[in-house]
Amino acid sequence: MKKVLITGASSGIGLQTANLLALKNYRLTLVARNEEKLKDAISGLNGSGHDYLVADLNNKEDIEMISELFQTNRYDVLINNAGAGLYGKFTHLSLDEQMGTMFLNMGALVMLSHAYLKHAKKGDSLVNTGSILAHSSFPGGSVYAATKSFVANFSESLWYEYKDKDIYVMGFNPGAAKSDFHKHAGRSEGSFPEFVLSTTEQVAKELVNALEARKKPRVVQGWKNRFMLFGFKFINRAKAISIMGKISPGMHT
């Protein structure tokens, strides 16, 4: 039975991914900050043998605690799904909070990727959850989008470094989803036009399918998101950025 560790797994995309993998008889270790939510999440998973770990990935000691697991426990898959963002104009937002976003989305992800890949074996997989915003710009969410560009570049480079060892690295890039991410970022999912939103189930299904296919270094979720990025190739950057600015909840302040 394959073992998977998922960060940011108590709700949203992380939890839906865990649900799908449990149905495929994977054994899950879920990581998040809220123990009650983790207990509820574990109780709802198909199968047995699942466990959880309470950890705050803005805390280096907690990251080191997880990293030590990879020395003594074999995980076939690590999904770095934990992440955060803030909606708003750059100077209107707390600098400390934006620096915290940078550490969580990049620093913690790099530290866990490093710890995992040091012990990874043939057939193992690392998935780093980025965003469609990695491949566009996003006024009203500039720091968040920039961190996801880092995740995309980092993941694709690792894909090449490890492909000949049959260790699969994927940068997974979902679009806007109907999740509590938007509430934590300071807005609601209703701030986005309905046509751009996917359900967390749709996102998780594409992630799991791509994980099992083990082919692409970059996976952009959702045909609408793929179509948008394709269309941006035919217009100038100023126009593309303006389109993103008009739909950004962070600019509506």
**Request:** Inspect all residues belonging to region 223-230 and state whether any of them is touching a His at 6+ places or on another chain (Cβ under 7 Å) and modelled with pLDDT under 95.
**Result:** yes
**Item:** Members of region 223-253 that are over 29 Å from L207 (Cβ atoms) and of a type in the set (G, A, S)
**Value:** A238, S242
**Item:** Count of region 193-238 residues which are in a helix (DSSP H, G or I), within 19 Å of A152 (Cβ to Cβ) and basic (K, R)
**Value:** 3
**Asked** For region 8-37, how many residues meet the condition of being of a type in the set (A, V, I, L, M) and surrounded by fewer than 22 Cβ atoms within 10 Å (Cβ to Cβ)?
**Response** 3
**Asked** Taking into account only those residues within region 1-19 that are touching a Phe, Trp or Tyr at 6+ places or on another chain (Cβ under 9 Å) and assigned to a helix (DSSP H, G or I), which is nearest to N73 (Cα to Cα)?
**Response** A18
**Request:** Kindly provide the set of residues from region 29-51 that are free of Cβ contacts under 8 Å to residues at least 40 places away in the same chain, closer than 30 Å to E97 by Cβ and not in a helix (DSSP H, G or I), ordered by number.
**Result:** L30, R33, N34
**Odd one out for S67 among (1) surrounded by 15 or more Cβ atoms within 10 Å (Cβ to Cβ); (2) modelled with pLDDT under 95** = (2)
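The values are calculated or read from the model by the stated rules, or taken from the named source; none is laboratory data. Everything quoted here is computed from the prediction, not taken from an experiment. Note: ideal-geometry Cβ built from the backbone for every residue, glycine included; neighbour counts use all protein chains shown.
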